[in-house]
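Notes follow once the structure below has been shown.
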Amino acid sequence: ARSATHLGAFSGCGNPVFVNDIAVDPSGTIYGLVRSDTTTSGAGLYTIASDGTCTLKDTLVDDDNHPEGIAFTAAGTLIAARDDTKDLVSIDVGTGHEAVVRGNAFPDTPTNDLVCNATHCWATFSNNNCGAPGTDVCYCSLNTDGTNTSQLGGTSPADGVGLAYANGKMYAFDNSIWEITIGTPPVATQITVTGAPPSGWSGAGSAPTFP
């Protein structure tokens, strides 16, 4: 049986306190992205303790609130998808500076979220041109350097505003929780998690150490 544990309310995570996405580095440190953060006059990058307490790490100095999903690669690089371009960028967690890893890495914009395992990354999109007109959600896979982007085909009911990965499967969080069997096309199965909020997910993340 799957269950969720409430660890604590977010505290000190920018102004307003709204964590758009989280990412977990290979050592297990949790990072949070706060867009439109008046504390930093832009997007803020925070570390998050296990009780939800946030500590400002960086202001994203090269960005005007355009990072959408964030994830760490197995090499420890923080990457992000911009919502105003199709670019995959890296973020230096020591300085907050951003660099383009690969331009036009994604089939559309905006990207809902990114997640990586030890060798690959995946992204999900809503209201896009990945499928036939009028379809809703699709997924793509790519290498951690942004090369070999491949649409996985089909569409999915799982909006995936947050993505996580464990044991060979992705997990998408929106108003429900979905287990995604990775394939062409991916298959989404809604799952029940005891103790989880019924709706209102914003982001998700997982350490990039799973095979």
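What follows is calculated from the coordinates using simple rules that are stated; it is not laboratory data. Just so you know, these numbers come straight off a predicted model, no measurement behind them. So basically every Cβ, Gly included, is an ideal-geometry build from the backbone, and we count neighbours across all protein chains shown.
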Across 5 Å bins beginning at 0, the whole-percent shares of Cα-Cα pair distances in segment 148-211 come to 4, 18, 25, 28, 18, 6, 2, 0
One finds, for Thr38 and Thr189 with R0 = 30 angstrom and r their Cβ-Cβ distance, a FRET efficiency to the nearest 0.05 of 0.15
Quick calc, the chain, dipole around Cα centre from Cβ unit charges on Lys, Arg (+) and Asp, Glu (-), nearest 20 debye, gives 540 debye
So, with points 7 Å from each Cα along the Cβ direction, the Asp145-Val61 label distance in nm works out to 2.7 nm
So, relative contact order of segment 41-122 in percent, Cα under 8 Å, 6 or more apart, is 26 percent
In nm, the gap between the two label points placed 7 Å beyond Cα toward Cβ at Ser11 and Asp83 is 2.8 nm
Bridge orientation stat for the chain from DSSP, antiparallel percent rounded to 5, came to 95 percent
Once Ser27 and Thr53 are pulled to full extension, the length gained, defined as 0.36 nm per residue separation minus their Cα-Cα distance, is 7.5 nm
Total charge of the residues flanking Ala166 in space, meaning their Cβ is under 13 Å from its Cβ, with Lys and Arg +1 and Asp and Glu -1, is +1
The rounded separation in angstrom of the Cα centers of segment 140-211 and segment 19-83 is 19 Å
Checked against the structure, the computed percent of Cα pairs over 29 Å apart among (1) 34; (2) 18; (3) 57 is the one labelled (2)
The simple spin-label model distance between Asn167 and Glu179, using points 7 Å out along Cα→Cβ, in nm, is 0.8 nm
